[in-house]
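Just so it is clear, none of the values below were taken in a lab; they were calculated from the coordinates. Here the structure is a predicted model, which means the values were calculated and not measured. Backbone-built Cβ (ideal geometry, glycine too); neighbour counts: all protein chains shown.
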Amino acid sequence: MEKYDVLILGGGNAGMGVTLPTRAAGLSVAMIEARDLGGTCPNRGCTPKKVLVAAAHALHEIERADRHGITVDTPRLDWRALIEREKDMIRDIPCRLSGLMAKRGVDVIAGDAAFIGSNAISVDGRELEARNIVIATGSKPRSLAIPGSEHLKISDDVLNDPVLPRAAVFVGGGVIAFELGHVYARAGVDVTILEALPHLLGGFDADAVAQIRGESERIGIHVRTLAWVKRVDKVDGRLRVTFVADGIECAVEADRVVNCAGRVANVEGLDLGAGVIVHREGRIEIDDHLRSRSNPDVYVCGDALWNSPQLSPIATYEGGIVGRNIVDGPRHRPNYGHIPASVYTVPAVASVGLTEAKAKEQGLGVKVQVNDMKDWLSAKTYAETVAWSKVIVEETTDRIVGAHMVGHSGEELIHLFALAMKHGITAPQLSDMVYGFPTFASDVRNMM
């Protein structure tokens with residue numbers, strides 16, 4: 001049996017994060033990946049998706065051209081050319097990451113891994129043993145047990161298909177549905193989002209969600225909450241989605257129906273029982289140091305975790321913590337309170353820290369300043385359709401505990417608030433900073 005100090009199951013952001021501290025400490029490391037090095041984000045997720053979002057931004061700018069005295073003809077998007085551009089931009093990522101792992105001294109093994117003992121795995125008949133094993137296998141789309149589920153596509157398909165549908169239905173009202181829905185809507189597709197829960201974009205501030213819902217509806221997206229999808233039928237070459245809303249059975253027809261009902265840990269084929277790893281329906285029980293509670297030689301990080309946000313920077317961050325715990329012993333814990341998140345709609349939603357509801361739920365005495373910035377000079381200069389912010393400050397300390405933005409380059413400005421929160425910079429101190437003017441950043445001082 002081959003022996004290593006560390007075996008990493010999964011070659012995505014989380015697994016890559018583990019390799020830095022472990023290799024720096026001189027440990028022998030092998031990485032097992034069944035598909036493409038880099039995992040979902042660079043190959044089938046955020047990186048290719050952002051190429052499509054960039055095109056949607058260009059169409060959004062053209063929409064507002066007349067506000068700047070510019071007359072343009074109606075733009076025409078060549079969807080096939082856009083998909084080809086996206087593929088061209090990501091094509092060499094696995095090869096470059098393979099070179100990076102070789103330079104770092106990590107052995108990369110292609111294949112499907114499964115536990116055969118508490119410290120041992122098998123990869124297509126090859127047996128390996130390690131002092132520590134890291135589960136960093138990422139996530140996969142949650143399956144929907146409804147009649148006609150075989151007709152559903154996933155986000156991978158949207159990023160691959162060179163044919164633009166006339167109409168699309170997204171089942172689920174989360175991040176992927178809104179991001180791809182905005183791309184499609186800007187490209188002229190008739191878009192419907194059906195969410196079974198009463199709220200959209202779970203985890204984001206309710207008022208921020210209301211802002212982006214309004215903008216989504218402005219550009220023609222049909223949004224329904226409390227809409228339970230019952231079945232998908234193929235009728236006359238199209239797809240009919242039947243759902244129940246307000247006690248009434250409804251139907252909408254589309255050329256493409258996309259499953260956006262969330263993602264679950266991709267651990268089904270690992271035989272966790274053989275590794276003495278306790279879990280509940282794929283949710284591995286972990287301690288504060290990201291170790292399995294039942295087998296402390298096994299760590300979990302990235303989307304394979306069930307209780308942290310499924311974001312690629314967080315996966316890398318957690319991978320680094322796991323690597324440091326393997327080297328130093330279980331001393332390091334993740335802190336997610338200062339990590340920003342964005343929804344790359346057009347315009348984007350951005351958030352860091354507590355929502356207003358969470359702050360009040362925790363019993364914090366807070367000052368909440370909400371700003372509709374559409375009439376501010378900077379927003380009017382760029383003819384923004386949405387420019388909104390909410391900043392939440394603890395009354396007794398002036399500590400920023402949450403910030404939320406829609407539009408106004410919020411996906412960039414949110415990092416100023418995150419930096420302040422991480423390093424204890426108070427709201428008055430952030431306001432006292434001298435900013436370049438006129439910039440969106442200079443408006444930060446007036447947001448609090």
For a Förster distance of 41 Å, can you work out the FRET efficiency between the beta-carbons of D297 and A206, rounded to the nearest 0.05?
0.45
Partner lysines for K358 [C-alpha distance under 17 Å; skip if fewer than 8 residues away on the same chain]:
K367, K390
Ranked by how many other beta carbons lie within 10 Å on average, peptides 86-92, 337-343 from highest
337-343, 86-92
I need the semi-axes of the equivalent ellipsoid of the stretch 149-261: take the C-alpha gyration tensor, multiply each eigenvalue by 5, square-root it, list largest first in whole angstrom.
21, 17, 12
Taking 0.36 nm per intervening residue step and subtracting the Cα-Cα distance, what contour gain separates S431 from D92 on full extension?
117.7 nm
Here the residues of the stretch 426-448 lying in the modelled label zone of D398, meaning backbone nitrogen under 17 Å from a point 7 Å along Cα-to-Cβ, are 426-435, 444-448
In a Debye calculation with equal point scatterers on the alpha-carbon sites of the stretch 196-243 and no solvent, what is log10 I(q)/I(0) at q = 0.17 Å⁻¹?
-0.65
How far apart, in nm, are the 7 Å Cα→Cβ label points at H199 and D287?
3.3 nm
By average C-beta atoms within 10 angstrom, highest first, the peptides 317-325, 208-216
317-325, 208-216
Suppose every K and R has +1 on its Cβ and every D and E has -1 on its Cβ; what is the size of the dipole of the stretch 347-446 about the Cα centre, in Debye to the nearest 20?
80 debye
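In debye, nearest 20, what is the charge dipole magnitude of the chain about its Cα centre with +1 on Lys and Arg Cβ and -1 on Asp and Glu Cβ, if you could check? Walk me through the intermediate numbers first.
Working: 49 positive and 57 negative charges, 57 e Å.
It works out to roughly 280 debye.
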Given the Cα-Cα distance of I248 and W228 and 0.36 nm per residue of separation, how much length would full extension add, in nm?
6.2 nm
So between R104 and M1, what do we pick up on full extension, going 0.36 nm a residue minus the alpha carbon distance?
34.7 nm
Environment charge of G269, counting only residues whose C-beta is closer than 15 Å and scoring Lys/Arg +1, Asp/Glu -1
-4
Return, ordered by residue number, the residues of the stretch 290-318 whose backbone nitrogen is under 15 Å from a label point located 7 Å along Cα→Cβ of V278.
291-298
For the stretch 275-310 and the stretch 1-56, compute the distance between their C-alpha centroids and round to whole Å.
18 Å
If r is the Cβ-Cβ distance from Q362 to L77 and R0 is 45 Å, what FRET efficiency results, to the nearest 0.05?
0.50
